[in-house]
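Visitor: Below: one structure in structure tokens.
The numbers here are math on the coordinates, done by the rules we state, and not lab data. No experiment lies behind these values; they were computed from the predicted model shown. For neighbour counting, all protein chains shown are included, and Cβ atoms are generated from backbone atoms with ideal geometry for every residue, glycine included.
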Amino acid sequence: MPRPDRLKAAWLTAPATRAVIGALEAARPGGSRFVGGCVRNTLRGQLADDVDIATQLTPPEVIAALEAAGIRAIPTGVEHGTITAIQDSRPFEITTLRRDVETDGRRAVVAFAEDWTEDAARRDFRLNAIYVGANGELHEVIPESVDDAVAGRVIFIGDGDQRLREDYLRILRFYRFNAWYGAGIDSEGQAACARQREGLAKIAAERIWKELKRTLAAPDPASAMAAMEDAGVLEAALPGASASLLPGLVMAEASAGLEADPMRRLMALLSRRRTETAAASMRLRVSNEEGARLAGWSDPALPHVLDAGEAAIAKAFYRFSPPAVLDRAVIEAASGAPGDLAALAARAAQWLRPKFPLGGHDALAAGLAGPKVGARLATLEEDWVASGFTLTRSALVARLKFPD
């Protein structure tokens with residue numbers, strides 16, 4: 001991919017973008033530049049979702065400039081110099097140039113600055129420290145940063161250990177960017193992450209899971225996750241986890257036409273034991289929905305399904321839900337188990353849960369009472385499932401009245 005001299009992108013010329021950058025430029029010409037993911041991704045020919053702006057204006061000056069242009073300003077992180085502008089229902093994060101005064105690995109005390117080099121030096125990776133002026137002109141403050149972005153190289157700015165001690169979450173960001181951009185793991189960055197991995201203990205579990213999930217969402221995170229494991233970072237973030245099954249999982253997903261699924265890939269990192277999945281849920285503080293999905297996949301009553309017959313799969317769908325069965329099947333396929341994963345996935349997508357034809361009122365009408373009601377209905381439901389859901393209501397009612 002050739003190195004560009006200027007940036008050209010739809011987001012750069014969008015009316016909302018022009019309104020926001022125009023308001024800032026009116027207050028201080030040349031004092032505001034685009035930075036971060038929007039620049040990095042555009043250089044790589046990829047979609048840019050968020051538009052971030054760095055500015056020499058102070059937060060009060062940013063607010064005043066936006067309000068003068070009729071743009072809504074929200075002080076989302078004013079203590080760190082960040083104001084969010086809302087234009088045409090689209091957010092733009094605007095942050096005053098900063099330098100770190102004090103850091104503890106989790107948060108930083110900053111002072112506002114006006115020097116672009118000083119602001120760039122406190123960022124994490126070279127490919128994230130590229131600035132673009134209001135009209136698309138590239139400003140390479142950190143040498144080789146543009147080449148890094150084009151090539152997908154993830155290299156720390158300056159001393160990697162120092163960058164990590166400033167914010168230990170950058171350890172996981174190192175592997176996330178490598179998973180998405182794939183130019184190969186920088187050996188010095190890998191060594192720094194290995195040395196600083198214990199610092200992850202200072203990071204909130206929710207932030208660790210957010211980064212890990214974004215890493216696992218990459219098209220093929222296997223190499224990055226293997227490097228994370230080699231550095232001891234995976235063990236520090238999620239004790240007992242192993243990335244060895246991920247290559248097989250990525251292949252299984254692709255062969256069955258399944259989209260990348262971070263939760264399923266998390267399952268591949270764990271052994272299928274209730275105690276381990278419960279511990280992982282607690283450690284990462286996953287959502288209730290995510291925890292339930294892990295519990296469903298690791299239910300010891302859920303049998304092997306990938307090579308099961310149609311009746312057994314239908315029964316598993318009914319008892320454990322199609323998503324749980326599909327999760328089980330994909331992990332089995334990743335382990336090399338035989339079976340048609342694509343066919344099972346198609347069945348899971350189309351399956352509609354049948355409704356058991358009997359209810360408590362039927363049992364009462366048949367003369368049953370007390371605990372016998374639930375027990376008899378449960379037995380008949382098992383018979384109905386075993387029949388492939390073919391036993392009719394009349395046949396089941398007859399069995400209520402005349403038990404075998």
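Visitor: Spin-label point model (7 Å from Cα, Cβ direction): what's the T13 to A312 distance in nm?
Guide: Rounded to a tenth, the inter-label distance reads 6.0 nm.
Visitor: Over the Cα atoms of the range 360-401, what is the Rg over Rh ratio if Rh follows Kirkwood?
Guide: 0.96
Visitor: Please state, rounded to one decimal and in Å, the Kirkwood hydrodynamic radius that the range 141-219 gives when every pair of distinct Cα atoms enters the mean of 1/r.
Guide: That comes to 13.0 Å for the range 141-219.
Visitor: A further question on this structure: Suppose every Lys and Arg Cβ carries +1 and every Asp and Glu Cβ carries -1, with no other charges. What dipole size does the chain come out with about its Cα centre, to the nearest 20 debye?
Guide: In total the dipole reaches around 1320 debye.
Visitor: Normalising by the residue count of the chain, find the relative contact order in percent from Cα pairs under 8 Å and 6+ residues apart. Present the calculation step by step, with values, prior to reporting the outcome.
Guide: Working: 644 pairs, mean separation 38.2, N = 404.
RCO, the chain: 9 percent.
Visitor: Also, I was wondering about something else. If you average 1/r over every pair of different alpha-carbon atoms in the range 89-248 and take one over that average, what Kirkwood value in Å do you get?
Guide: It works out to 16.5 Å.
Visitor: Picking from A217, L127, T95, whose Cα lies most toward the positive end of the charge dipole for the chain (charges on Cβ: Lys, Arg +1; Asp, Glu -1)?
Guide: Among A217, L127, T95, the one farthest towards the positive end of the dipole of the chain is A217.
Visitor: Moving on to the next point. Under 37 °C and 0.692 mPa s, how fast does the chain diffuse according to Stokes-Einstein, given a Kirkwood radius computed over C-alpha pairs? Answer in µm²/s, whole number.
Guide: It diffuses with D of about 133 µm²/s by this estimate.
Visitor: Still on this model: Fully extended, how many nm does the chain gain between A204 and A375 (0.36 nm per residue separation, minus their Cα-Cα distance)?
Guide: Going from the current span to full extension adds 56.9 nm.
Visitor: I would also like to ask the following. Which ³J(HN,Hα) values in Hz, rounded to whole numbers, follow from the phi angles of the range 352-364 under the Karplus curve 6.51 cos²θ - 1.76 cosθ + 1.60, where θ = phi - 60° and Gly and Pro get x?
Guide: In residue order, the calculated couplings are 10, 5, x, 9, 4, x, 9, x, x, 5, 5, 5, 5 Hz.
Visitor: Pulled fully out, how much extra length does the chain show between R353 and I86, if you take 0.36 nm times their separation in residues and subtract their Cα-Cα distance?
Guide: 91.7 nm
Visitor: Continuing with the same structure: Please identify which residues in the range 137-162 have an amide N closer than 11 Å to a label point set 7 Å out from the Cα of E188, following the Cα→Cβ vector.
Guide: Only 155-161 pass the distance filter.
Visitor: Run through all the Cα pairs of the range 1-153 and give the fraction in each 10 Å bin from 0, expressed as whole percent.
Guide: Values per bin, smallest distances first: 12, 42, 36, 10, 0.
Visitor: Determine the dipole magnitude for the range 164-236: charges of +1 sit on the beta-carbon of Lys and Arg, -1 on that of Asp and Glu, nothing else is charged, the reference point is the Cα centre, and the result goes in debye to the nearest 20.
Guide: It works out to roughly 300 debye.
Visitor: For the range 265-389, take every pair of Cα atoms, bin their distances at 5 Å starting from 0, and report each bin as a whole percent.
Guide: Distribution as computed: 2, 10, 18, 17, 15, 13, 11, 8, 4, 2, 0 percent.
Visitor: When Lys and Arg each count +1 and Asp and Glu each count -1, what net charge do the other residues less than 11 Å away from E332, Cβ to Cβ, add up to?
Guide: Value of the local net charge: 0.
Visitor: Can you give the FRET efficiency for A26 and R99, using 1/(1 + (r/R0)^6), R0 = 30 Å, r = Cβ-Cβ distance, to the nearest 0.05?
Guide: Result of the calculation: an efficiency of 0.70.
Visitor: Starting from the amide H of T76, placed 1.01 Å from N in the peptide plane, find each other amide H under 5 Å away whose residue is 5 or more places distant or on another chain.
Guide: It is T84, by chain and number.
Visitor: I would also like to ask the following. How long is the gain from E140 to T117 if the chain were fully straight, where each residue apart is worth 0.36 nm and the alpha carbon distance is subtracted?
Guide: 7.3 nm
Visitor: Still on this structure, I have one more. Assigning unit charges at the beta carbon (Lys, Arg +1; Asp, Glu -1) and nothing else, what dipole magnitude in debye, to the nearest 20, does the range 1-153 show about its Cα centre?
Guide: About 380 debye.
Visitor: Based on Cα positions only, what radius of gyration and what Dmax would you give for the range 212-254, in angstroms?
Guide: Answer for the range 212-254, Rg first and Dmax second: 10.1, 30 Å.
Visitor: Explain nothing, just the number: relative contact order of the range 1-129, from Cα pairs under 8 Å at least 6 residues apart, as a whole percent. Write out the running numbers ahead of the final one.
Guide: Numbers: 203 pairs, mean separation 25.7, N = 129.
Value for the range 1-129: 20 percent.
Visitor: Computed from the mean reciprocal separation of all distinct C-alpha pairs, what Kirkwood hydrodynamic radius does the range 1-55 have, in Å?
Guide: Details: mean 1/r = 0.0842 Å⁻¹.
Averaging 1/r across every pair of different Cα atoms and inverting gives 11.9 Å.
Visitor: Another question about this same structure. Sequence-distant or interchain residues sharing an amide H contact under 5 Å with V51, placed H: which?
Guide: Residues meeting the criterion, in which the H sits 1.01 Å from N, are E93.
Visitor: Would you compute the Debye intensity of the range 197-345 from its alpha-carbon atoms alone, equal scatterers and no solvent, and pass along log10 I(q)/I(0) at q = 0.12, 0.14, 0.20 Å⁻¹ to two decimals?
Guide: Taken in order of the listed q values, log10 I(q)/I(0) reads -0.48, -0.65, -1.27.
Visitor: Please list 356-364, 134-142, 246-254 highest first by mean number of surrounding beta-carbon atoms within 10 Å per residue.
Guide: Details: 356-364: 15.0, 134-142: 16.7, 246-254: 19.3.
Highest mean packing first, the order is 246-254, 134-142, 356-364.
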